[in-house]
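First comes the structure, then the notes that go with it.
The values are calculated or read from the model by the stated rules, or taken from the named source; none is laboratory data. Remember, it's a predicted structure, so these values are computed and weren't measured experimentally. Here Cβ is always computed from backbone atoms with ideal geometry, including for glycine, and neighbour counts include all displayed protein chains.
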């Protein structure tokens, strides 16, 4: 007795569409992203940040109206018998300059 395969065709088409869409999106993301790099000077600066939030305007950048901000959170989290250390640091700069065109 032959197996009725016709009811499986819609499922096969849906799975094929999902697989091909996933493959296309993955290729697009890989082609649009770059490998990046790690700058040891930036890593050292992040390691030296103090814990908490800091916002200041450097005196030597007054003409640029530059504002710098730093934030760092260091915590130890225990969950289900495992211990995780969280160390999150952020450095940001906002600079507004007037330009003559």
Could you check residue 61 against (1) touching a residue at least 12 places away in the same chain (Cβ under 8 Å); (2) part of a helix (DSSP H, G or I); (3) under 25 Å from the mean Cα position of the chain (by Cα) and say which number it fails? (3)
From the options 2, 7, residue that is assigned to a helix (DSSP H, G or I), more than 21 Å from the chain's Cα centre (by Cα) and exposed (fewer than 10 other Cβ atoms within 10 Å of the Cβ): 7
Can you pull out the residues in segment 32-51 that are within 11 Å of residue 89 (Cβ to Cβ) and outside any helix (DSSP H, G or I)? 48, 49, 50, 51
Go through (1) at pLDDT below 90; (2) surrounded by fewer than 10 Cβ atoms within 10 Å (Cβ to Cβ) for residue 77 and report which single condition fails. (1)
Residue match in segment 28-35 (condition: surrounded by 10 or more Cβ atoms within 10 Å (Cβ to Cβ), in contact with a strand residue (DSSP E or B) (Cβ under 8 Å, 6 or more places away or on another chain) and more than 30 Å from residue 100 (Cα to Cα)): no
Which one of 70, 83 is part of a strand (DSSP E or B), free of Cβ contacts under 8 Å to residues at least 24 places away in the same chain, surrounded by 11 or more Cβ atoms within 10 Å (Cβ to Cβ) and within 25 Å of the chain's Cα centre (by Cα)? 70
